[in-house]
1. For residue 102, are the conditions met, namely being of a type outside the set (Gly, Ala, Ser), in contact (Cβ under 8 Å) with a residue 40 or more places away in the chain, outside any helix (DSSP H, G or I) and over 22 Å from residue 230 (Cβ atoms)?
2. Kindly indicate which of 146, 129 is in the same structural domain as residue 199 (by TED's automatic domain parsing) and in contact with a Lys or Arg (Cβ under 6 Å, 6 or more places away or on another chain).
3. I need every pair where a residue in segment 231-259 that is part of a loop (DSSP other than H, G, I, E, B) has its Cβ under 6 Å from the Cβ of a residue that is at pLDDT below 90, sequence separation at least 6 or different chains.
4. Could you list all residues from segment 141-182 that are at pLDDT 95 or above and more than 19 Å from residue 5 (Cβ to Cβ)?
5. Based on what the data block shows, is residue 205 assigned to a loop (DSSP other than H, G, I, E, B), of a type in the set (Phe, Trp, Tyr) and modelled with pLDDT of 85 or more?
6. Would you mind finding the one in 150, 108 that is surrounded by 18 or more Cβ atoms within 10 Å (Cβ to Cβ) and part of a loop (DSSP other than H, G, I, E, B)?
7. Return the only residue of 46, 7 being in contact with a Leu (Cβ under 7 Å, 6 or more places away or on another chain) and in contact (Cβ under 8 Å) with a residue 24 or more places away in the chain.
8. Taking only pairs six or more apart or across chains, which ones have beta-carbon atoms under 8 Å, a first residue in segment 25-36 that is under 20 Å from residue 234 (Cβ atoms) and among the basic types (Lys, Arg), and a second residue that is outside any helix (DSSP H, G or I) and modelled with pLDDT under 95?
Amino acid sequence: MLKKGIVIFANSRAQLLNDCIVSVLEAKGSENWKKVLVCQRGFEDVEKIVDNYGFQFDTVIKINKQFESSLANINHNRILGTFHCFNILKCEYVLGIEEDTVISGDALSFIDQMFDLHRDKRAFRGINLGSHQPLTSQNQNKFSLLRFGLHGQGGVLIRKSWVKIFSEKLFEEFSKEGWDSKFEFYLKSGFMVTPNASRILDRGWGGTHASSDPNSPYFERMAKSWVGRNNVIPVKYQKENVKHLWRIDSIVYNKKDSIFYCLRLNSIVLYFYKKLRKMHLKRFLVNK
């Protein structure tokens, strides 16, 4: 049986972390996943939560603050936990979850089915769990193939993607930008499987990268897409490609466009792409 891993990244919000852990432990099939908890020391209430649940995890990593920048520490801890799952526990795919996120009851079942369905496809890069499409009875068990980066709140990397991005030393600078932006171009050279109704609920308003307003459009759209913790697991999820509302560059995967996205991985092409982006041509390029 293939090994698969879940890594939760804990920082400063104890109650949200507690809810995150409970959602993972109660998700269908959770007992079949390797579980890792990465906790940054310095918050006593968070460490109490970690100690309370630690026995239910395969690995608990407590780490001291490494950098002055919060972003740098978050990036460092994500890389550390993901490295542990792939390189130490030898997992074939890994779900990373932030402490302020809860997952649906069928989230792990969705991941397993999507991995089995797409694992042999060359363009398969991973699985995202978020959506901003309004939940309906028609879309709740459907998914799209999208050119997009990784959802940091709840997203899956497969081993092939990890080997590619780790081998290119994309993590030498921790503090300038989010870790997922470092390899977004690679992920966009293929597709990320994405549910049309959200399998995560992000409650991280006021966090490092989020609005402080719980009623902001981002959080409001996700809440309206959220399938809930007690949703019924379908026998089979069905593909129905739709353009997602997440961001303007969240577009439906089309194989014929792959040459353009693969060219962007070339360093020279990438240089000129960034120049063009500064000239406000980004909208044209991402919809090429």
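1. Judged against the criteria, residue 102 is not a match.
2. 129
3. Close Cβ pairs (under 6 Å, with a partner that is at pLDDT below 90) amount to 244/250; 249/286.
4. Passing the criteria: 141, 142, 143, 144, 145, 146.
5. So residue 205 does not fit the description; no.
6. Only one candidate passes the filter, namely 150.
7. Result of the check over 46, 7: 46.
8. Once the first residue is under 20 Å from residue 234 (Cβ atoms) and among the basic types (Lys, Arg) and sits in segment 25-36, its partners that are outside any helix (DSSP H, G or I) and modelled with pLDDT under 95 give 28/233.
The values are calculated or read from the model by the stated rules, or taken from the named source; none is laboratory data. All figures in this text were calculated on a predicted structure; none of them were measured in a lab. Cβ: placed from backbone, ideal geometry, glycine included. Neighbour counts: every protein chain shown.
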